[in-house]
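Here the structure comes first, spelled out in structure tokens, and everything after it is commentary.
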Amino acid sequence: MIISAHDLRKTFTTRSRKGTQTVEAVKGVSLEIAPGEIFGVLGPNGAGKTTTIRMLSTLITPDAGRATITGHDLLKEPAKIRRNLGYVSQAGGVDDQTSPRVQILFAARLHGVPDAVAATDRVLKQFELTEFADRPGRTLSGGQQRRVAIALGLVHSPPLLFLDEPTTGLDPQNRANLWDRIGELREQGTTVLLSTHYLDEADALCDRLAIVDHGVIVAEGTPAGLKREVSGDVITLRVDDLEQAAETLRPMTKEVRVDDDLLRLYVDDGEHTLPALLRTLEERNVQLKSISLDRATLDDVFLAKTGRSLRDTGAAA
């Protein structure tokens, strides 16, 4: 395993006029990540995603637990680990005043890359930045700046890359472009650990993922496998009597959940189950206002594991 982490924990203490407050950001995270994987850490803001990545990338020291990263002990050999990884923070770290070429060349030399100029040209081409390579950073679009940030993290060809919320703030076109670039890294053998609160991003990019909430992992597996655990299909109803409908339909489903004014029914085969559900509601005189049939999503997984929707926490679709 390129990352093997066991029971990592981190607590922060803050001081203010109201006194001292202790926050358990990570409460015991364990991960096993194989070389060449794109592994995602999915969860709402404040779930502990960034703290987990910052511990694994040696930026902060865990209070407890142990880990081996690229074959080196996290606590005893942090310098050796740093030589084998790239790290791109949420902020990105692109300088406004200097050009991408200058910044990437500096990073290459800082990492001791033998032919820093050739390495710089390589990543500029890889991330389609050659056309903008000599413009000041402040003149680049958000998507271009994120690509520069990832190029900075990859110029020394590390086997492991950490991406913390890589597409936050990007428009759909730039997000899709960056997804393509990240997907290409897998083909080149680079292991990617990324954090995200975007459901579609985790579903589209990740070979495996861990869903985190309040500093703990609540589910782990492939996106498809996690969705199969919840159910094959989800029928969402809006009716005039949620409680009566829930009790009436419960025996015909795997699971029933009331989510605000919606009734979510988890079934194995929605197309064949739906007609029987509708007949039952009609027989019980339950008025149907709207209905939808969908495949289970990662939001359904989060809902099943935590009792609330990831969308309701402020995460995006």
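The values are calculated or read from the model by the stated rules, or taken from the named source; none is laboratory data. Only a predicted model underlies this, so the values are computations on that prediction, with no experimental measurement involved. Glycine also receives a Cβ, built like all others from the backbone with ideal geometry; neighbour counts cover every protein chain displayed.
Quick notes on this one:
- The stretch 6-32, residues that are of a type in the set (Ser, Thr, Tyr) and either closer than 13 Å to His214 by Cβ or at pLDDT 90 or above (or both): Thr11, Ser30
- Residue list for the stretch 121-156, restricted to those being under 20 Å from Gly169 (Cα atoms), part of a helix (DSSP H, G or I) and of a type outside the set (Lys, Arg): Gly137, Thr139, Gly142, Gly143, Gln144, Gln145, Val148, Ala149, Ile150, Ala151, Leu152, Gly153
- Hey, Ala67 touching a strand residue (DSSP E or B) at 6+ places or on another chain (Cβ under 6 Å), closer than 22 Å to Pro35 by Cβ and not β-branched (Val, Ile, Thr) or not: yes
- Of the residues Val216, Val212, the single one that is surrounded by 21 or more Cβ atoms within 10 Å (Cβ to Cβ) and more than 30 Å from Thr98 (Cβ to Cβ) is Val212.
- Pairs where the first residue, in the stretch 159-182, is aromatic (Phe, Trp, Tyr) and the second is in a loop (DSSP other than H, G, I, E, B), C-beta under 7 Å, 6+ apart: Phe162/Ser57
- Selection count, the stretch 184-214, where residues are among the charged types (D, E, K, R) and closer than 14 Å to Ala47 by Cα: 1
- In the stretch 236-317, counting only strands (runs of 3 or more DSSP E) that sit wholly within it, the ones holding 2 or more residues that are closer than 30 Å to Glu220 by Cβ and free of Cβ contacts under 8 Å to residues at least 40 places away in the same chain span 255-259, 262-267.
- Answer residue from the stretch 121-132, given it is within 24 Å of Glu165 (Cα to Cα) and surrounded by 15 or more Cβ atoms within 10 Å (Cβ to Cβ) and is farthest from the chain's Cα centre (by Cα) among those: Phe132
- Just one of the listed residues (Thr191, Thr222, Thr196) is under 27 Å from Lys10 (Cα atoms) and surrounded by fewer than 14 Cβ atoms within 10 Å (Cβ to Cβ), namely Thr222.
- The set of residues from the stretch 75-93 being over 22 Å from the mean Cα position of the chain (by Cα), farther than 16 Å from Pro158 by Cβ and of a type in the set (A, V, I, L, M, F, W, C) comprises just one member, Leu75.
- Restricting the stretch 1-45 to residues that are more than 22 Å from Val301 (Cβ to Cβ) and β-branched (Val, Ile, Thr), the residue that is surrounded by the most Cβ atoms within 10 Å (Cβ to Cβ): Ile3
- Unique residue being closer than 30 Å to Thr22 by Cβ and outside the structural domain of Arg54 (by TED's automatic domain parsing) when the list is Gly307, Gly215: Gly307
- In summary, strands (runs of 3 or more DSSP E) completely within the stretch 15-105 and bearing 2 or more residues that are of a type in the set (A, V, I, L, M, F, W, C) and either closer than 30 Å to Ser141 by Cβ or without any contact (Cβ under 8 Å) to a residue 40 or more places away in the chain (or both) occur at 38-42, 85-88.
- Taking the criterion of being farther than 24 Å from Leu194 by Cα, assigned to a loop (DSSP other than H, G, I, E, B) and not small (Gly, Ala, Ser), the residues of the stretch 106-120 that qualify are Val113, Pro114, Asp115.
- The test for being under 29 Å from Ala25 (Cβ atoms) and buried (at least 18 other Cβ atoms within 10 Å of the Cβ) holds for Val230.
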